[in-house]
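*Asks:* A single structure is presented below for examination.
What follows is calculated from the coordinates using simple rules that are stated; it is not laboratory data. The structure presented is a predicted model; accordingly, all values stated were derived computationally and were not measured. FYI the Cβ positions are ideal-geometry reconstructions off the backbone, even for glycines, and counts take in every protein chain you see.
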Amino acid sequence: MNSPTSSVIYRSTAILAACLVIPQAFAVEVYLDFSGADSLLHGSWVDGGYGDGEPFSWTASDFLTTQHAVKEKMEAIFAPFTSVSFHNFDDVPGGVHPTLSFGATGGSPGLLGLSSTLDWRNSMIGDGAVIYSGKFGSTFMAGTTVEDKVANLDRLANALTNIAAHELGHTFGLQHYDAYGIPEFKAPGYAGITGQQNSHIMSSGPSGASTFALGDSLKTFSELSINKLEFAAGVVPTVGKTVTEVAGSKSTLATAQAVTLENLAMSGKPAINIVGDSDSPGELDLYKFDAMEGNLITLNTFSDLILPDTVNTTLALFDSTGTLIASNLDISYAGNAFMTGAGIYSTDSLILNFEASYTGVYYAGVASVASTGDYNLLITGAVPEPSMMILGGITAVVLLRKRNINKS
Ligand SMILES: [Ca+2]
Ligand SMILES: [Ca+2]
Ligand SMILES: [Ca+2]
Ligand SMILES: [Zn+2]
């Protein structure tokens, strides 16, 4: 039989649950809850074309094997993130912890998992996700030609793990477009996209991911996903640096807020997160930072889907003279088309991997579009250096208007 070609959606909705505010230093103990999952996995196994006849029948031993396999595979995926641990029925964590429930039913057809939050910086600890175990057989197993029980149990565990890691990623703040966050995809043209994004954990149906392939192997976190997980409290021992926007207008090169990127403890990549807001529609906040020639500068705003008080942002990258060199209004993608306008995902903004052509000062501009509200701005990929004294006489606001970046 042929592999199913349908693109089943697995995604998250952003429900800002009332969860506990987490302390500064802690470790995340993820509970893999398989309560109620046995019958669902059995049904899925049968749906996948494996009946109850020997030698393929689903047994209690298979259930145990699957639980242990998922735990080991989750540990493998999250191995670099040393503060995260995984626990199952014989090691249930105490206190407040995220739970991944594999015994969930419901959800729209084709939905394999659902997280309760998109929790940038992992500010909530009691959030979690569900995995609809009963739907797996009919998606990645049906049609497989592998006539081997052990191999198919492994396919099942791979699929469950890929979805569980994806949903857990949402509860740590990751979003679907992070799957495109690899160095070879560069702003502004984003050439060379031929499906590489779908080997990454945050890929989904709209990015072209095949559900059948979920069983083939474990996916990996993209570089952008890894850098974002380094900002998730309780996921790494030392999280990335966050600063708050200073008061006052920052709409000119002269009044831009200087920020200093710091190397992330795990990847070593320079990065900073800024907590800001737009007080009036159209307000422009400029942040000044240093980059070295060849650095891949990434700017990303978070507000839509994440914060209660959301603002529609637009992003601009200016060189040291205030000349606009890259911009983005909304985040969109559809399969191998990235930022072309098709498949609007969010009113947040992203400039991914813009290669710095010189060493020196750059300006990141966040402007609001006919709205006000809170945002976070993540800057990664630049190397901090002593600030260079470059004063521009032309304000970036003027350039923003001239170049009409809102239409990009
Ligand atoms: Ca969380
Ligand atoms: Ca502001
Ligand atoms: Ca926008
Ligand atoms: Zn998702």
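*Asks:* Within the set 135/228; 219/269; 186/269; 219/241, which residue pairs have Cα atoms separated by over 25 Å?
*Replies:* Details: 135/228 30 Å; 219/269 22 Å; 186/269 17 Å; 219/241 28 Å.
Beyond 25 Å between Cα atoms: 135/228; 219/241.
*Asks:* Under the Kirkwood approximation for Rh and a Cα-based Rg, what ratio Rg/Rh is obtained for the chain?
*Replies:* That ratio is 1.01, to two decimals.
*Asks:* For a quick protection proxy, order the peptides 342-354, 43-55 by their average other-Cβ count within 10 Å, most packed first. Present the calculation step by step, with values, prior to reporting the outcome.
*Replies:* Numbers: 342-354: 21.1, 43-55: 15.8.
In decreasing order of mean packing, 342-354, 43-55 become 342-354, 43-55.
*Asks:* What is the percent of Cα-Cα separations in region 217-257 that go past 12 Å?
*Replies:* Within region 217-257, distances greater than 12 Å cover 71 percent of Cα pairs.
*Asks:* Let me ask something else. Can you compute 3J(HN,Hα) from phi for each residue in region 108-116, using the Karplus curve 6.51 cos²θ - 1.76 cosθ + 1.60 with θ = phi - 60°, rounded to whole Hz and x for Gly and Pro?
*Replies:* Coupling constants for region 108-116: 5, x, x, 7, 9, x, 8, 9, 7 Hz.
*Asks:* How much length is gained on full extension from residue 238 to residue 27, taking 0.36 nm per residue of separation minus their Cα-Cα distance?
*Replies:* Once the chain is fully extended between residue 238 and residue 27, it gains 74.9 nm.
*Asks:* Also: Taking H placed 1.01 Å from N in the peptide plane, check which residues at least 5 places from residue 201 or on another chain put their amide H under 5 Å from its amide H.
*Replies:* For residue 201, whose amide H was placed from the backbone, the distant partners under 5 Å are 220, 221, 222.
*Asks:* May I pose another question? Taking N as the number of residues in region 28-229, what is its Cα Rg relative to 2.2 N^0.38 Å?
*Replies:* Region 28-229 yields a ratio of 1.01.
*Asks:* Something else about it: Apply the Karplus parameterisation 6.51 cos²θ - 1.76 cosθ + 1.60, with θ equal to phi minus 60°, to every residue of region 314-330 and state each ³J(HN,Hα) to the nearest whole Hz, in sequence, with x for glycine and proline.
*Replies:* My calculation for region 314-330 gives 10, 10, 9, 10, 10, 7, 5, 9, x, 7, 5, 10, 6, 7, 7, 9, 10 Hz in order.
*Asks:* Just to be sure I follow: if Rg is taken over the C-alpha atoms of region 240-323 and Rh is the Kirkwood radius over the same atoms, what is Rg/Rh?
*Replies:* Answer for region 240-323: 0.95.
*Asks:* Next up: Counting only residues 5 or more places away or on other chains, whose amide H sits under 5 Å from the amide H of residue 234 once H atoms are built in the peptide plane?
*Replies:* Under 5 Å from the amide H of residue 234: 26.
*Asks:* Quickly rank 266-275, 84-93 as a protection proxy: mean count of other C-beta atoms within 10 Å, highest first.
*Replies:* By packing density, highest mean first, the sequence is 266-275, 84-93.
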